[in-house]
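Enquirer: Pasting a structure here, questions to come.
The values are calculated or read from the model by the stated rules, or taken from the named source; none is laboratory data. Predicted, not measured: the structure shown is a model, and the values here were computed from it. No Cβ is skipped: glycine too gets one built from the backbone with ideal geometry, and neighbour counts run over all protein chains shown. The protein model used for the area step is the full one, side chains on, heavy atoms only, and it has no ligands, DNA or RNA in it. Shrake-Rupley method; radii C 1.70, N 1.55, O 1.52, S 1.80 Å.
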Amino acid sequence: MTRARTLWQRIPAPVVDLVLVAVSAVDAWVSMWEHTRPALVLAVVGCAALAFRRRFPLVVFLLTLPLALTQDVAIAVLVALFTLAEGSRNRRLLAGCVALAAVASTAPLPLMDADRTMTLVVFVYGLATAAAPVLFGQLLQAHRDLARRLTEIDEAREHERAL
């Protein structure tokens, strides 16, 4: 095991969650200079929900989704998507969440008199941005599964040698 991995595993999960909440709150605060009070309340709820991302990943994603309406790229939504993908094997659910995040990031454009081409371009970029944390989460899940299987194979070989 590498030194960086050993150091990373020593950090308690609540500390990681607290750092993610703080980073997403700073991101939301920087992006919301001119927004109304309801948008700020939604940002606070979405950022605070990240503290519960390990226990309720789908609910946290749904609570962070309104941030995508007010920000171009909301870190809280990306963190929630990663956590959901890391723990879920339901590909349809993940594809639906990616599409929902892309639609939420594109929804304000028709209200701002953007042309259809620009709306489509922003939607495609939103899809790509939302798909990235899902793909990383699935990659991490596959890595853990393979590591677990390799451990099982090594244990079975040791047992065979002992017999």
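Enquirer: If only one of VAL98, VAL77 is at pLDDT 90 or above and within 17 Å of ALA28 (Cβ to Cβ), which one is it?
Expert: That would be VAL77, the only listed residue that is at pLDDT 90 or above and within 17 Å of ALA28 (Cβ to Cβ).
Enquirer: Any idea which residue in region 71-85 is farthest from VAL41 (Cα to Cα), counting only those that are open to solvent by less than 40 Å² (accessible area, probe 1.4 Å) and part of a helix (DSSP H, G or I)?
Expert: Restricting to residues being open to solvent by less than 40 Å² (accessible area, probe 1.4 Å) and part of a helix (DSSP H, G or I), the top hit is ALA85.
Enquirer: Count, please, the residues in region 101-120 that happen to be at pLDDT below 85 and either open to solvent by less than 40 Å² (accessible area, probe 1.4 Å) or more than 25 Å from the chain's Cα centre (by Cα) (or both).
Expert: Count: 12.
Enquirer: Related question: Among the residues of region 82-109, which ones are touching a residue at least 12 places away in the same chain (Cβ under 8 Å), closer than 16 Å to TYR125 by Cα and hydrophobic (A, V, I, L, M, F, W, C)?
Expert: Hits for region 82-109 are CYS97, VAL98, ALA99, LEU100, ALA101, ALA102, VAL103, ALA104, ALA107, LEU109.
Residues are listed down the side, and each one gets a yes or a no for (1) open to solvent by 50 Å² or more (accessible area, probe 1.4 Å); (2) within 29 Å of ARG89 (Cα to Cα); (3) in a helix (DSSP H, G or I):
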{"position": "GLY126", "(1), (2), (3)": "no, yes, yes"}
{"position": "LEU140", "(1), (2), (3)": "yes, yes, yes"}
{"position": "ASP145", "(1), (2), (3)": "no, yes, yes"}
{"position": "ARG148", "(1), (2), (3)": "yes, yes, yes"}
{"position": "ARG161", "(1), (2), (3)": "yes, no, yes"}
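Enquirer: Being outside any helix (DSSP H, G or I), closer than 23 Å to LEU139 by Cβ and not aromatic (Phe, Trp, Tyr), is that true of even one residue in region 35-48?
Expert: Scanning region 35-48, I find no residue that is outside any helix (DSSP H, G or I), closer than 23 Å to LEU139 by Cβ and not aromatic (Phe, Trp, Tyr), so the answer is no.
Enquirer: Mind listing whichever residues of region 5-33 are open to solvent by 40 Å² or more (accessible area, probe 1.4 Å), among the aliphatic types (A, V, I, L, M) and assigned to a loop (DSSP other than H, G, I, E, B)?
Expert: Across region 5-33, the qualifying residue is only ILE11.
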